[in-house]
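Please treat every number below as a calculation from the coordinates, not as lab data. Nothing here was measured: the structure is a model prediction, and the numbers come from that model.
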Amino acid sequence: MVAGAGKEHKMKGKKGLNQYRWNLVIKKIDNQSAYFINYLRFPPAGTYSLHIIVDDIIMKKEFVILK
């Protein structure tokens with residue numbers, strides 16, 4: 001799985017149903033300030049595509065993130 005800027009997530013599948021859950025967080029910011037609330041960064045609004053590749057099979061799906 002490629003997540004923005006060429007980042008890829010690889011996982012091994014097992015026989016049966018496999019799933020990958022992504023909370024849409026692309027960056028976590030570590031700040032020790034007591035009042036810092038914006039520590040999770042999410043992708044900007046726009047159209048994205050998900051590519052799942054298994055052996056010779058390529059599945060693609062576009063999705064939209066709304067702000």
Run the reach check for K28 against lysines, Cα to Cα strictly under 22 Å, same-chain hits fewer than 8 apart removed. What comes back?
K7, K10, K67
In Hz, Karplus ³J(HN,Hα) per residue of the stretch 29-40 (6.51, -1.76, 1.60; θ = phi - 60°; x = Gly, Pro):
10, 8, 9, 8, 5, 5, 10, 7, 10, 9, 9, 10
For I26, enumerate residues with amide H under 5 Å from its amide H, sequence gap 5+ or separate chain, H modeled in the peptide plane.
R41, F42
J(HN,Hα) series, the stretch 16-27, from Karplus relation 6.51 cos²θ - 1.76 cosθ + 1.60, nearest Hz, glycine and proline x:
x, 8, 10, 9, 10, 10, 10, 7, 6, 6, 9, 7
Translational diffusion coefficient (Stokes-Einstein; Kirkwood radius from C-alpha pairs) of the chain at 20 °C, 1.002 mPa s, in µm²/s
147
